[in-house]
Amino acid sequence: MFTLVYVSAAVTWFSDRELRALLAQCRLSNAQTGITGMLLYKDGNFMQALEGEERTVRALEARIAADRRHQGMVTLHSGTVPQRQFSDWTMGFYDLRAPAGDLPAGYTEFLDTPLRDEAFLPAPQRCMDLMHVFRRMN
Ligand SMILES: Cc1cc2nc3c(=O)[nH]c(=O)nc-3n(C[C@H](O)[C@H](O)[C@H](O)COP(=O)(O)O)c2cc1C
């Protein structure tokens, strides 16, 4: 099983409706191609974990990179994993624009961290830590 995590910046901030439309598109397509993962959105930035067959994940990475709704995609982490980490989600999702009172334990460490490459490149493993905070929450 192959996984990767990237960050990117929306060209214009997504409305609730646009986020819902994006997710519906992701889930439908991922269910067909055997992709699972998690998408976080915060202040115009995305962080997404994708997992599946390496060829399929790489092909999707290229398609997503070409998507004009966002830019500046930087892959922070990639590699093989013994099993799926997000097996229950064709695409889990959290919108962190307005943190509510029910944030998961462990999130506070990331509360003031923008979902941007410069925040994670010094220690890329932190992007997996953040993804796992939300995996436990679902
Ligand atoms: C932040 C972001 C995340 C995306 N995640 C996925 C995804 O998980 N699966 C997917 O099929 N498309 C995803 N897309 C949509 C793809 O970029 C693309 O629009 C879609 O795969 C259709 O590609 P096509 O028009 O080349 O067929 C995402 C787009 C954005 C902006």
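No value in this document is a laboratory result; all are computed from the given coordinates. All values reported here derive from a predicted model rather than from experimental measurement. For neighbour counting, all protein chains shown are included, and Cβ atoms are generated from backbone atoms with ideal geometry for every residue, glycine included.
Just the residues that are hydroxyl-bearing (S, T, Y), in a helix (DSSP H, G or I) and under 17 Å from the mean Cα position of the chain (by Cα), please, taken from region 77-126.
Within region 77-126, just Y107 meets the criteria.
Regarding G106, is this residue free of Cβ contacts under 8 Å to residues at least 60 places away in the same chain, of a type in the set (G, A, S) and within 15 Å of the ligand (Cβ to nearest atom)? Judged against the criteria, G106 is not a match. So in region 48-74, with the set limited to residues that are touching a strand residue (DSSP E or B) at 6+ places or on another chain (Cβ under 7 Å) and charged (D, E, K, R), which one is nearest to the ligand (Cβ to nearest atom)? Taking the candidates together, the pick is R69. Assessment of region 52-73 against the conditions (buried (at least 20 other Cβ atoms within 10 Å of the Cβ), under 17 Å from R135 (Cα atoms) and touching a residue at least 12 places away in the same chain (Cβ under 8 Å)) yields at least one matching residue. Filtered by the rule that a residue be over 26 Å from M137 (Cα atoms) and within 15 Å of the chain's Cα centre (by Cα), region 34-57 gives no residues. Taken together, the residues in region 5-40 that are among the hydrophobic types (A, V, I, L, M, F, W, C), more than 10 Å from the ligand (Cβ to nearest atom) and surrounded by fewer than 20 Cβ atoms within 10 Å (Cβ to Cβ) amount to 3.
The single condition from (1) touching a Pro at 6+ places or on another chain (Cβ under 7 Å); (2) more than 12 Å from L4 (Cα to Cα) that L76 fails is (2).
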